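Notes for the one structure printed next.
Derivation of every value follows stated rules applied to the coordinates shown; laboratory data play no part. Everything numeric here is computed off the predicted structure, so don't read it as measured data. Ideal geometry is used to build each Cβ from the backbone, glycine not excepted, and the neighbour counts take in all protein chains shown.
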């Protein structure tokens, strides 16, 4: 298994390696924010006359990875080196 974290050098903390690690961090961040909003919506609407409203759960890691690949592909198509 590939190690996602680099060694702790110079007491600067642990850095995440590569694009996979960045996608993991961004996806987890979006997941935390969405789950907090989902819980807040559930708490606010729990006692309403029409019942509680819930949002479906999502995984943002796949969405972030797909968006990064699409961005890289579009940059390859528009770069001058690709047309030369």
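Select from the stretch 38-81 the residues that are touching a helix residue (DSSP H, G or I) at 6+ places or on another chain (Cβ under 9 Å), surrounded by 10 or more Cβ atoms within 10 Å (Cβ to Cβ) and not in a helix (DSSP H, G or I) and list them in ascending order.
52, 53, 54, 55, 58, 59
Under 6 Å between Cβ atoms, at least 6 apart or on separate chains: pull out the pairs that start in the stretch 45-68 with a residue that is without any contact (Cβ under 8 Å) to a residue 24 or more places away in the chain and end on any residue that is surrounded by 12 or more Cβ atoms within 10 Å (Cβ to Cβ) and part of a loop (DSSP other than H, G, I, E, B).
45/52; 45/53; 46/52
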